[in-house]
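Participant: I have a structure I would like to understand better, so I am pasting it below and will then ask my questions one at a time.
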Amino acid sequence: MSALSNSRFLKMNGLGNEITVLDLRGSPHRVSAAEARAIAADPRSRFDQLMVLHDPVTPGTDAYMRIYNTDGSESGACGNGTRCVAWAMTADPVMRRAGDGDLVLETKAGLLPVERMSDRVFTVDMGPPRLEWNEIPLRDPVADTRAITLDTHLPEAPELRNPSAVSMGNPHVVFWVSDATAYDLAAIGPVLEHDPALPERGNISFAQVTSPEHILLRVWERGAGATRACGSAACAALVAAARKGLTGRKAVVSLPGGDLVIEWRASDGHVLMTGPTELEHEGILSPALFAGAA
Ligand SMILES: N[C@H](CCC[C@H](N)C(=O)O)C(=O)O
């Protein structure tokens, strides 16, 4: 019998990015990769990311979050999921925290202050981008002369050269293309996700800059596949576009599921992401889910 049996969950989404929220505050249990995959396998609780709440670690924060992809791998960031957790902790009758004021969440990648803009819209301070090769991480460019041009794997897509690499607490590789919708993500996403230049794999984005204030984005997510939105990818794309002079420090990023407003704040270099959340349903995790999960 898993410690997760009969646990209540919320099924939510952030612009169609499927998010399941589980509250393990007060419990010593740590969700295993196999348990995460079991939860993802059930249509009622399936997710692109599972957001698990734990008791706060850093004083002054409201909760510590562990983030799991569909394949059970863990991530240090999930922008859409963080907004969904913020809604749950301010509005869900069971998960809501006592008191009001701004929320501060935490993951292994750092602190995430969240501001409630309206009932369903939140702004997350995703922190500063990490831009050094060993922060993404990329393979050591000195020890390994292989550059991060990944076209060696994709003779049928020679224009996919010289991408940008940014970490928002998770690894992102951004290709600059003339038509973000022109790529078969299911075909080339897995090849790029597992490129040897990426020791921790990567989230792969195809970015079409349509103006200095607008980016069209399609994302193949590490451990989850093609999703309808990816908040940390939107942050990574805006930072990389601003560094290349393709956009300003603030832009609308349009994903299949909708728009996010991303700002790379000049005062402290933090990246702010603003967008909606949606509650789909709540449910209980059946003990049968975990029959084969360690
Ligand atoms: N959908 C998430 C990104 C999850 C990233 C995950 N796929 C990883 O392994 O880093 C977001 O809204 O930021």
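The values are calculated or read from the model by the stated rules, or taken from the named source; none is laboratory data. Being a predicted model, the structure only gives us computed values, none of them experimental. Note that we place each Cβ from the backbone using ideal geometry, even for glycine, and neighbour counts take in every protein chain shown. Surface areas here come from the heavy atoms of the whole protein model, side chains and all, with no ligands, DNA or RNA. Shrake-Rupley method; radii C 1.70, N 1.55, O 1.52, S 1.80 Å.
Participant: Would you please name the residue that is surrounded by the fewest Cβ atoms within 10 Å (Cβ to Cβ), looking only at residues in the stretch 71-82 that are within 8 Å of the ligand (Cβ to nearest atom) and in a loop (DSSP other than H, G, I, E, B)?
Facilitator: That would be SER73.
Participant: Closer than 21 Å to GLY257 by Cβ and surrounded by 19 or more Cβ atoms within 10 Å (Cβ to Cβ), is that true of VAL21?
Facilitator: Yes, satisfied.
Participant: Right, something else. Residues VAL85, VAL104, VAL94: which one is part of a strand (DSSP E or B) and either under 17 Å from the mean Cα position of the chain (by Cα) or hydrophobic (A, V, I, L, M, F, W, C) (or both)?
Facilitator: Details: VAL85 fails: part of a strand (DSSP E or B); VAL94 fails: part of a strand (DSSP E or B).
Going through VAL85, VAL104, VAL94 in turn, just one is part of a strand (DSSP E or B) and either under 17 Å from the mean Cα position of the chain (by Cα) or hydrophobic (A, V, I, L, M, F, W, C) (or both): VAL104.
Participant: Here's another thing I want to ask about it. Those residues that are in a loop (DSSP other than H, G, I, E, B), more than 9 Å from the ligand (Cβ to nearest atom) and either at pLDDT below 95 or out of contact with any Phe, Trp or Tyr (no Cβ under 9 Å at 6 or more places or on another chain) (or both), I need them from the stretch 45-70; list them, please. Before you say what the answer is, go through the steps one by one.
Facilitator: Of the residues in the stretch 45-70, the ones in a loop (DSSP other than H, G, I, E, B) are 45-48, 55-62, 70.
Checking which are more than 9 Å from the ligand (Cβ to nearest atom) leaves us with 45-47, 55-62.
Scanning the stretch 45-70 gives ARG46, PRO59, GLY60, THR61, ASP62.
Participant: Being closer than 19 Å to GLY225 by Cα and touching a residue at least 40 places away in the same chain (Cβ under 8 Å) is true for just one of ASP71, ASP62, ASP92. Which residue is that?
Facilitator: Details: ASP62 fails: closer than 19 Å to GLY225 by Cα; ASP92 fails: closer than 19 Å to GLY225 by Cα.
One residue alone meets the criteria, ASP71.
Participant: Report whether or not THR61 is of a type in the set (S, T, N, Q) and buried (at least 23 other Cβ atoms within 10 Å of the Cβ).
Facilitator: Working: of a type in the set (S, T, N, Q): yes; buried (at least 23 other Cβ atoms within 10 Å of the Cβ): no.
No; evaluated as a whole, the condition is false for this residue.
Participant: Give the stretch 227-248 a look and list any residue that's open to solvent by 10 Å² or more (accessible area, probe 1.4 Å) and either within 8 Å of the ligand (Cβ to nearest atom) or at positive phi (or both), or say none.
Facilitator: As a first pass, look at the stretch 227-248 and keep what is open to solvent by 10 Å² or more (accessible area, probe 1.4 Å): 227-228, 242-248.
Passing the criteria: THR227, GLY245.
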